[in-house]
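The values are calculated or read from the model by the stated rules, or taken from the named source; none is laboratory data. Values in this document were obtained by computation on a predicted structure and should not be read as measured data. Cβ placement follows ideal geometry from the backbone for every residue including glycine, while neighbour counts extend to all protein chains displayed. These area figures cover heavy atoms from the full protein model, side chains too; ligands, DNA and RNA do not enter into them. Shrake-Rupley method; radii C 1.70, N 1.55, O 1.52, S 1.80 Å.
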Amino acid sequence: MKRAIFYLIVLIFAVWLGLVIKQDPAYVIIVLKQWTLQTPLWFAVVVVVVALLALYLVANVLYFGGSVGGRLHRWSNKRTKKKAAKQTSRGLIDLAEGNWARSEKLLLKSLEHVSEPLVNYLALAEAAQAQHAYDRRDEYLHKAHDIEPDAEVAVGLTQAQLQFRHKQYEQALATLSHLRSIAPQHTFVLKLLMRIYLKLEDWHNLSTLLPELKRHYVCMAEQLQSLTETVYLGLIQKSTSLESLQLQWQQVPQSLKKSTDMVEVYARQLISFTALSDAEAFIHHQLKRDWCEALVVMYGQLDIDAKAQLATAQTWLQRRPDDAALLFTLGQLTERQQLWGQSRDYFEKCLAIKPAAHVYSALAQLLESLGDTDKANQYYKKGLLFTAN
């Protein structure tokens, strides 16, 4: 309706303008040097209008032509990026499925057109390592750092994990030490450091790391407790002298000094450094606090004062008459005192309660030394059969 009214108004205006021109036809004269151009006014107006329309059309063609070109360019760019995203996705899937060569090829093809090339470079490093191409791995990681300097921790963690899996523990340790200097509270950095120290059995550095692991909740409470015990066991076992061993024992947390494994390891280390008196006193003290069969057996192996040891062990027997470990220890101590009959009785009672290959062997050796070869051979055989079963 509005369009019809508009056309009607235009038509009325055109009729009116035509009548005016017919009654008073004005002229336009254009003079240019020696040239003179005379034309009716209405014709000049029509020419100007047509020229303006032509300019308008040309401008629109140029504008929309450029716009179409831009749209085509954006469409092509969007299509390229979409294809690159699909290639990256397929490359990551191949990486997960173990198709490393194809994964590397796809990730490289899409690299120039993805919005986040860091992801591609990190995945490329994984694919290269899986193919034992360690130079390419390091090159990809280097480029990842170059394009995303702010992602130094992410790149470094990837590098450390790859080095760790390739058993490059020293290189991984260097990488993580650098990361710790720039991100000292990063949980995963601390966790990887823990794993590497465990692999390297670097108990000293791991012991200094324990407070950080606890503070930042890197491990569950049970795991941290087990790790702490492992660390102090390692430190005790790696002691190089009696003095360092005793100093290390003083640094063991009181809660761990009740651990059977800790007590056994420390006692064995005392014996290994021939600190037999210290070992005897330590074992005696520990057995008063908490009975331990392994310590009882070690007590019988100490060659200090067999008579005094025998008297002590016999007092224990009054409270524990059916303890197999104690009976075996008494067998050893009485044998050392040349009380052959008592030694044989103790070994036989021990076997009746808890048969064991080492007890069969000890009794067989005793009988053999006493000249009862047939009986000794019977016990040797029983010991072999027991071991085989």
**Request:** State the number of residues belonging to region 162-179 that are open to solvent by 80 Å² or more (accessible area, probe 1.4 Å) and part of a helix (DSSP H, G or I).
**Result:** 4
**Request:** Take region 293-314 and flag every residue that is more than 23 Å from Ser272 (Cβ to Cβ) and open to solvent by 60 Å² or more (accessible area, probe 1.4 Å).
**Result:** Lys307, Gln314
**Asked** Of the residues that make up region 237-245, is at least one part of a helix (DSSP H, G or I) and farther than 30 Å from Trp316 by Cα?
**Response** yes
**Pairs where the first residue, in region 262-283, is farther than 16 Å from Val297 by Cβ and the second is open to solvent by 40 Å² or more (accessible area, probe 1.4 Å), C-beta under 6 Å, 6+ apart** = Phe273/Leu242; Ala275/Leu242
**Those residues of region 261-299 which are assigned to a helix (DSSP H, G or I), over 20 Å from Ala324 (Cα atoms) and of a type in the set (Gly, Ala, Ser), in sequence order** = Ala267, Ser272, Ser277, Ala279, Ala281
**Prompt:** Do you know which residues across region 331-340 are more than 53 Å from the chain's Cα centre (by Cα) and assigned to a helix (DSSP H, G or I)?
**Reply:** Thr334, Glu335, Arg336, Trp340
**Asked** With (1) in a helix (DSSP H, G or I); (2) under 24 Å from Ser255 (Cβ atoms); (3) in contact (Cβ under 8 Å) with a residue 24 or more places away in the chain as the list, and Gln223 as the residue in question, which single condition is left unmet?
**Response** (3)
**Fill in**
In region 315-356, residues that are loosely packed, with under 13 Cβ neighbours inside 10 Å and of a type in the set (Gly, Ala, Ser) total 2
**Complete:** Within region 211-251, of all residues that are of a type in the set (Asp, Glu) and out of contact with any helix residue (DSSP H, G or I) (no Cβ under 9 Å at 6 or more places or on another chain), the one farthest from Leu190 (Cα to Cα) is Glu243
**Request:** May I ask you to verify whether Leu190 is touching a Ser or Thr at 6+ places or on another chain (Cβ under 8 Å), within 24 Å of Leu233 (Cα to Cα), assigned to a helix (DSSP H, G or I) and not polar (S, T, N, Q)?
**Result:** no
**Message:** What's the number of the only condition in (1) over 30 Å from Tyr134 (Cβ atoms); (2) buried (at least 19 other Cβ atoms within 10 Å of the Cβ) that Trp203 fails to meet?
**Reply:** (1)
**Which numbered condition Tyr346 misses (of (1) free of Cβ contacts under 8 Å to residues at least 24 places away in the same chain; (2) within 52 Å of the chain's Cα centre (by Cα))** = (2)
**Asked** Regarding Gln185, is this residue in a helix (DSSP H, G or I) and either on the phi < 0 side of the Ramachandran plot or open to solvent by less than 60 Å² (accessible area, probe 1.4 Å) (or both)?
**Response** no
**Request:** State all residues of region 300-330 that are within 51 Å of the chain's Cα centre (by Cα), at pLDDT 90 or above and outside any helix (DSSP H, G or I); if no residue qualifies, say none.
**Result:** Leu302, Arg320, Asp322, Asp323
**Message:** What pairs come out if I take residues in region 327-339 that are within 13 Å of Lys307 (Cβ to Cβ) and pair them with residues that are open to solvent by 10 Å² or more (accessible area, probe 1.4 Å) and among the acidic types (Asp, Glu) whose C-beta lies under 8 Å away, six or more apart or interchain?
**Reply:** Arg336/Asp303
**Request:** Scan region 149-191 for residues that are touching an Asp or Glu at 6+ places or on another chain (Cβ under 9 Å) and either among the hydroxyl-bearing types (Ser, Thr, Tyr) or over 27 Å from Met220 (Cα atoms) (or both) and jot them down.
**Result:** Thr158
**Residue among Tyr217, Tyr169 that alone is more than 21 Å from Leu235 (Cβ to Cβ) and under 17 Å from the mean Cα position of the chain (by Cα)** = Tyr217
**Message:** Looking at Leu366 and the list (1) in a helix (DSSP H, G or I); (2) without any contact (Cβ under 8 Å) to a residue 24 or more places away in the chain, which single condition is not satisfied?
**Reply:** (2)
**Prompt:** When region 77-112 is examined, which residues are found to be within 21 Å of His142 (Cβ to Cβ), open to solvent by 40 Å² or more (accessible area, probe 1.4 Å) and modelled with pLDDT under 85?
**Reply:** Glu112
